[in-house]
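Structure first, then comments.
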Amino acid sequence: MLEINNLNSGYGKVSVLRNVTFHVDQDEMVAIIGPNGAGKSTLLKTISGLVRAQSGEVKFENDSIFCLSPDQVVRRGLAYVPEGGRVFPNMTVLENLMMGAYSNPGILKTGILDEIYTLFPILKNRSAQFARTLSGGERQMLAIGRGLVSRPKLIMLDEPSLGVAPKLVDEIYEKIHALKRIGLTVLLVEQNTGYALELADRGYVIENGQIAMEGTAAYLSTSDHIKKFYLGL
Amino acid sequence: MFETATQGIITGILMGAIYALIALGLSIVFGIMNVTNFAHGDFVMLSMYLSFAVGSALAWDAVATPLITAPLMFLFGIITYYLLIDRTLRQMYVVQLAVTVGLQILMRSAALIIWQAQPRALQYSFIQGNIQIGDFQILTSRLFSAVVSLIFIAGMAYFMNKTWAGRAMRAASDDLGAASLMGVNYHKTYALTFAIGSSITALAGGLVMSFQQTDPVGGIRFGLLSWAVLALAGLGSLPGLIVAGIIVGVVESLTVSFFDPRSRLLGVYAIFILVLWLRPRGLFGRR
């Protein structure tokens, strides 16, 4: 579904990703793990168009989306929930969710908001509140909800547990697990390796801007390298 | 004394509503695009000349001219955005400053060449005359302009909150990157924002022409007044903008009544400096 070949990307002259190659198949949940600064976020930003790729190939459903702008990428059905959520603080929860339908306003008539309120009941209670008044966990749920409004075929989640109170992290992960059950393809970037490998079907380890390891979640969880450096076992 | 003060306050409130309208154009461009348009006052000046041209060619009342000048200024805004402003966005701030100040000089010089230096005015409007309430007089043209300004600002609030384009503008103001992830094309949204800001000056220009003349350097006053209103109001609150406009209008009017008409902006600048000093985010601003 999503195919990345020999992708190079970075900021200005600084190169962050080097020859990254990976793929995500339909209905899969793929995790990308790695230490801080390895280039995980840059990878998602490059796919979504926020960061301009230097070279390589990015294909979504067999069409090239290489170097498209973010507003064009989301129209293809590829949503990106950025690190920290980045909800619109001076807009209400409902307005934030509605912005998710900006590329296709007709979608609001399909009952999508009710589906999102079922998944995140707290958002319904807070719908008239400004997003700036939400807690870290609520913001993250709003950001995920906002990403789902466009009914994407693939959703990319960037560190969904970041800035979330520890007792809420489990809840967020349950919701992500629920996304998989409703048949969404998910690309998950996470520093919390334990969680990521528990949820995902497959994973890639990214170190210094390069793919260092790949395999099924079960394989990665038993690898000595992962155990030693990521799970601290 | 009491009569003079009351009369000054009435006049000030009416002018203040128009100042709020003029500042609205500056406010949305600054608030949404983070562009400081130093030529804003000269957009008002150009609008007033266009009103003069349309009004004298078609023998129209000044207050009707925005029907033609607003679409023209909308177009002027779009062209200015793509030709100049869009190219300054990813540059250092000083580039934007130089470009808008340059635009200001260009517009002033062009007005001087086209319309010469002597002030231009339209025939007195159908809304001339006074309304007498007790001992006080209200100029009908100012009352009309103030009411139209307030209605337009309310309409703008509706637009920003209830339309897709308005919400996209607010989203872009909050977080441009996140807005683009929602499918907002920021070039288009910014062009629309700038064009709306520009056509607001057309409406304001038409209203002001119903009781005032225009000259090539007349834009300076509106530009500076807009900055004073904006500094007082802060960003993000339309009611705040109206209150700030009225404060500026009343201070200006009372300075004229009690001090000296030639120093009409003295009090306004005093507040401007005080607010920047004591409360830089404005009286009603959220940031």
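The values are calculated or read from the model by the stated rules, or taken from the named source; none is laboratory data. Note that the structure is predicted; figures quoted are calculated from it, not measured. Note that each Cβ is placed from the backbone with ideal geometry, even for glycine, and that neighbours are counted across all protein chains shown. All accessible areas refer to the heavy atoms of the entire protein, side chains included, with ligands and DNA or RNA removed. Shrake-Rupley method; radii C 1.70, N 1.55, O 1.52, S 1.80 Å.
In table form, for the structure just shown:
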quantity	calculated
Distance histogram for region B:19-149 (every C-alpha pair counted, 5 angstrom bins, percent rounded to whole numbers)	2, 9, 15, 20, 18, 14, 10, 7, 4, 2, 1, 0
In nm, spacing of pseudo-spin labels at B:PHE159 and B:LEU112 (7 Å Cα→C-beta vector)	3.3 nm
Cubic angstrom per residue, convex hull over Cα atoms of chain B	131 Å³
Cα-centred dipole magnitude for chain B, charges only on beta-carbon of K, R (+1) and D, E (-1), debye, nearest 20	660 debye
Chain B: calculated mean residue ellipticity at 222 nm from DSSP helix runs of at least 4, using -39500 (n - 2.57)	-24000 deg cm²/dmol
Relative contact order for region A:25-81, counting Cα pairs under 8 Å that sit 6 or more residues apart, in percent	26 percent
Selected from A:LYS180, A:LYS40, A:LYS13 as most flexible by GNM, with chain A as the system and alpha-carbon contacts under 10 Å	A:LYS13
Candidate lysines for bridging to A:LYS227, where Cα separation is under 22 Å - those fewer than 8 sequence places away on the same chain excluded	A:LYS40
Ratio of the Cα radius of gyration of region A:153-233 to 2.2 N^0.38 Å, where N counts its residues	1.10
Of B:SER180, B:ILE242, B:GLN213, farthest towards positive along the dipole that unit charges on Lys, Arg, Asp, Glu beta carbons give region B:118-252	B:SER180
Accessible heavy-atom area order of B:LEU89, B:LEU72, A:LEU199, highest first, probe of 1.4 Å	B:LEU72, B:LEU89, A:LEU199
Relative contact order (percent, whole number), chain A, Cα cutoff 8 Å, 6+ residue spacing	27 percent
Kirkwood-type radius of chain A, with distances r between different C-alpha atoms, in Å	17.9 Å
Derived scalar couplings ³J(HN,Hα) [region B:53-67; Karplus, 6.51 cos²θ - 1.76 cosθ + 1.60; whole Hz; x for Gly, Pro]	5, 5, x, 7, 6, 9, 6, 9, 5, 3, 5, 8, 4, x, 4
Relative contact order (percent, whole number), chain B, Cα cutoff 8 Å, 6+ residue spacing	38 percent
Unit charges on C-beta of K, R, D, E only; dipole of region B:134-242, Debye	220 debye
3J(HN,Hα) from dihedral phi, region B:128-141, Karplus parametrisation 6.51/-1.76/1.60, rounded to Hz, x for glycine, proline	5, x, 10, 10, 9, 10, x, 8, 9, 10, 10, 5, 4, 4
Members of A:LYS59/A:LYS109; A:LYS45/A:LYS124; A:LYS109/A:LYS153 lying beyond 20 Å, as alpha-carbon distances in this model show	A:LYS59/A:LYS109; A:LYS45/A:LYS124
A:CYS67 long-range amide H proximity, modeled H, under 5 Å	A:ALA53
Cα principal axis extents for region B:106-198, largest first, Å	57, 43, 18
Kirkwood hydrodynamic radius over Cα pairs of region B:138-260, then Stokes diffusion coefficient at 20 °C and 1.002 mPa s, in µm²/s	130 µm²/s
Value of [θ]222 nm, deg cm²/dmol, for chain A, DSSP H segments ≥ 4, -39500 (n - 2.57) each, nearest 500	-9500 deg cm²/dmol
Virtual paramagnetic centre 7 Å along Cα→Cβ of A:LYS167, amide N under 11 Å, in region A:116-144	none
Region A:97-178: projected area of the alpha-carbon convex hull, averaged over directions, in nm²	5.4 nm²
Range of Cα positions in the protein assembly as shown per principal axis (Å), largest first	90, 46, 44
Fraction of beta bridges assigned by DSSP in chain A that are antiparallel (%, nearest 5)	55 percent
